[in-house]
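Have a look at the structure below, then the notes.
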């Protein structure tokens, strides 16, 4: 095997590993998406993912009163009801 063929073979193997890792990551993302959809309340980050918006947009919506969020105590994370997601 020539050095060029060996290098080509190594590149092919790396590409196969990368494709496999990407498939695994897509499966993990799909599993996360399904878990988020099952919830009744979401964190700001989860709400942003579900709504397809940024976390800043979600926080602004909370601050402006466009959506309701539960914050048990000052300094604790906001919990956003599933019914509020579509209002973002």
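Name the residues in segment 62-73 that are closer than 18 Å to residue 41 by Cβ and out of contact with any helix residue (DSSP H, G or I) (no Cβ under 7 Å at 6 or more places or on another chain), would you? Result: 62, 70, 71, 72, 73. Looking for something surrounded by 10 or more Cβ atoms within 10 Å (Cβ to Cβ) and touching a strand residue (DSSP E or B) at 6+ places or on another chain (Cβ under 8 Å) - is there at least one such residue anywhere in segment 19-39? Looking through segment 19-39, at least one residue is surrounded by 10 or more Cβ atoms within 10 Å (Cβ to Cβ) and touching a strand residue (DSSP E or B) at 6+ places or on another chain (Cβ under 8 Å). Checking segment 42-59 against the condition returns a match, with at least one residue being outside any helix (DSSP H, G or I), exposed (fewer than 15 other Cβ atoms within 10 Å of the Cβ) and free of Cβ contacts under 8 Å to residues at least 24 places away in the same chain.
Have a look at 67, 62 and point out the one that is within 14 Å of residue 84 (Cα to Cα), touching a strand residue (DSSP E or B) at 6+ places or on another chain (Cβ under 7 Å) and either in the same structural domain as residue 83 (by TED's automatic domain parsing) or surrounded by fewer than 10 Cβ atoms within 10 Å (Cβ to Cβ) (or both). First the steps, then the outcome.
Working: 62 fails: touching a strand residue (DSSP E or B) at 6+ places or on another chain (Cβ under 7 Å).
Matching residue, one of 67, 62: 67.
Filter segment 1-34 down to residues that are part of a helix (DSSP H, G or I) and touching a helix residue (DSSP H, G or I) at 6+ places or on another chain (Cβ under 9 Å) and give me whichever is farthest from residue 87 (Cα to Cα).
Result: 32.
Considering only segment 70-88, state which residues are surrounded by 15 or more Cβ atoms within 10 Å (Cβ to Cβ), assigned to a loop (DSSP other than H, G, I, E, B) and out of contact with any strand residue (DSSP E or B) (no Cβ under 8 Å at 6 or more places or on another chain). Across segment 70-88, the qualifying residue is only 88.
The values are calculated or read from the model by the stated rules, or taken from the named source; none is laboratory data. As the structure is a computational prediction, the values presented were derived from the model and not from experiment. Here Cβ is always computed from backbone atoms with ideal geometry, including for glycine, and neighbour counts include all displayed protein chains.
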